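Enquirer: Dropping a structure here in structure tokens format, bear with me for questions.
Each value in this text was obtained by applying a stated rule to the coordinates, not by laboratory testing. Because the structure is a prediction, the values reported are computed rather than measured. Cβ coordinates were reconstructed from backbone atoms using ideal geometry, including for glycine residues, and neighbour counts include every protein chain displayed.
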Amino acid sequence: MKLGLPSDAMVVLIGASGAGKSTFAGRHFAATEILSSDAMRAAVADDAEDQTATDAAFELLHTALGLRLARRRLTVVDATNVEAWARGRLLAVARRHGRPAAAIVFDLPLEVCLERNLLRGDRRLPEAAIRRQHARMRASLKALAGEGFEPVWVISSAAAVDAARPERSSG
């Protein structure tokens, strides 16, 4: 499946932990194009899992996002992004810079996310957290286009994630 993305867009990945967002981003985008909440936590606290660094990490992420979008650079935001208020902050940055905002939703079955979480070893999240993220992602699906994302791509299986191919379009 071809995912047509404007070449100067903010691309927001949305989905529960374990849905494959980071793997997908690493496979299809340059490392310099990806702003990861985990990487930002590591940058500010030397620990990607330090949840006490989340506010500072997102402050850094939003600043870097603004700088990249001002230069018309495609930028991928790799975080769960399952809550409307968090997406709203990202959309505000894109609007401020007059850039399009695309969303790629990883709507994989909850069981897949939970199973992948078990394979993470030391980086496991509590099952309840993944269940909560998944429920919030599912509840957000109908509202995304109305929030300002265009296009919105929804990927609903591991096979569809593997078949998805982001392609940049001008403008």
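Enquirer: Can you give the extra length, in nm with one decimal, that the chain gains between Ser7 and Asp38 once fully stretched, where that is 0.36 nm per residue apart less the Cα-Cα distance?
Expert: On the way: separation 31, 0.36 × 31 = 11.16 nm, distance 2.44 nm.
Between Ser7 and Asp38, full extension yields an extra 8.7 nm.
Enquirer: Is the C-alpha gyration tensor of the range 2-43 telling us rounded, prolate or oblate? Criteria: a/c under 1.5 is rounded; beyond that, a/b larger than b/c is prolate, otherwise oblate. The partial results should precede the final answer.
Expert: Values: a/c = 1.88, a/b = 1.32, b/c = 1.43.
Since a/c reaches 1.5 but b/c is at least a/b, the shape of the range 2-43 is classed as oblate.
Enquirer: Counting only helical runs of four or more DSSP H residues, what would the 222 nm mean residue ellipticity of the chain come to if each run contributes -39,500 (n - 2.57) and the total is spread over all its residues?
Expert: On the way: 8 runs with 80 residues, N = 171.
Theoretical 222 nm ellipticity from helices: -13500 deg cm²/dmol.
Enquirer: To continue, here is another question. Can I get the semi-axes of the range 76-171's equivalent ellipsoid? Compute them from the C-alpha gyration tensor as square roots of 5 times the eigenvalues, in angstrom, largest first. Kindly include the intermediate steps, with their values, before the conclusion.
Expert: Working: eigenvalues 129, 54, 30 Å².
Working from the Cα gyration tensor, I get semi-axes of 25, 16, 12 Å.
Enquirer: Using the charge dipole of the range 43-171 (Lys, Arg: +1 at Cβ; Asp, Glu: -1 at Cβ; taken about the Cα centre), state which of Leu91, Ala128, Ile155 has its Cα farthest towards the positive end.
Expert: The residue sitting farthest along the positive end of the dipole is Leu91.
Enquirer: Just to confirm a number: summing +1 for Lys and Arg and -1 for Asp and Glu over residues other than Arg73 whose beta-carbon lies under 13 angstrom from that of Arg73, what do you get?
Expert: Summing Lys and Arg as +1 and Asp and Glu as -1 gives +3.
Enquirer: Between the range 25-47 and the range 106-171, how far is it from one alpha carbon centroid to the other, in angstrom?
Expert: Spelled out, the Cα-based centre of one part sits 17 Å from the other.
Enquirer: Here's a follow-up. Stokes-Einstein at 37 °C, 0.692 mPa s, Kirkwood radius from Cα pairs: D for the range 37-132 in µm² s⁻¹? Write down the numbers at each step before the final one.
Expert: Details: Rh = 14.9 Å.
Answer from the Stokes-Einstein relation: 221 µm²/s.
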